Amino acid sequence: MHFRRLRLAGFKSFVEPTELRIEPGLTGVVGPNGCGKSNLLEAIRWVMGEGSAKSLRGGGMEDVIFAGTAMRPSREFADVTLVLDNEDRGAPAGFNDSDTIEVQRRIERGLGSAYRLNGRDVRQRDVQLLFADAATGAHSPALVSQGRIGAIIAAKPVERRQLLEEAAGISGLHVRRREAEIR
Ligand code: ATP
Ligand code: MG
């Protein structure tokens, strides 16, 4: 399973609808300071179910919505879709018939976030579990934000264990166990 396309609208500086193809292999994003490189990585983490506005450099979750400039009015919603390639059927059960999986998150001012998987309304938990089972997610050690390298080096043993568990693909099991215990 790998990323194939990223669509953004109204997300941070990506105010107009934008679609990026993500080819297999290594992807580099280059551009001058402030052009939106980190915003792209944050869009990926956000659509995967990131729940912390702070880790997206915002005070509240609505801060991901385009805030407007002197030239352009602010927007009322932000929408990000991540298209996953599932031709290798690497996705967990439930997606065995789909070559692609579209994960969509939309936030509207005053209304909060809504998620869809292949067009079907789902919970944030369902999106997080999809990625956790695929050994990735908003907190995957594969997504290293600016400034996080130092944090990984300085991590406490417990935190480092969490990173290793995510890399090994067993954090989805922990989430499921916690859910089972709550019920
Ligand atoms: P650097 O090379 O310095 O790391 P970068 O390419 O990573 O830069 P980003 O941090 O992704 O740049 O983008 C910063 C830009 O995004 C700033 O111009 C900031 O004003 C803009 N931005 C962030 N959030 C919003 C928002 N909600 N509405 C409008 N613009 C926003
Ligand atoms: Mg940056």
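List of remarks:
- Across Pro32, Pro73, Pro17, mean-square fluctuation computed from a Gaussian network of the chain (C-alpha pairs under 10 Å connected) peaks at Pro32.
- 222 nm mean residue ellipticity, helices alone, for the chain (DSSP H n ≥ 4; -39,500 (n - 2.57); rounded to 500): -8000 deg cm²/dmol
- Among Ala134, Ala155, Ala114, the largest mean-square fluctuation in a Gaussian network model of the chain, built with springs joining Cα atoms closer than 10 Å, belongs to Ala155.
- Residue order, fewest to most beta carbons within 10 Å, for Leu130, Leu111: Leu111, Leu130
- Highest-fluctuation residue, Gly90, Gly112, Gly25 considered, GNM on the chain with Cα pairs under 10 Å: Gly25
- Order of Asp63, Asp99 - criterion: other Cβ atoms within 10 Å of each residue's Cβ, fewest first: Asp99, Asp63
- Relative to one another, the C-alpha centroids of region 98-163 and region 16-70 are positioned 13 Å apart.
Read-outs throughout are calculated quantities, based only on the coordinates presented, and are distinct from any laboratory measurement. Note that the coordinates shown come from a computational prediction; the quantities given were computed from them, not determined experimentally. FYI the Cβ positions are ideal-geometry reconstructions off the backbone, even for glycines, and counts take in every protein chain you see.
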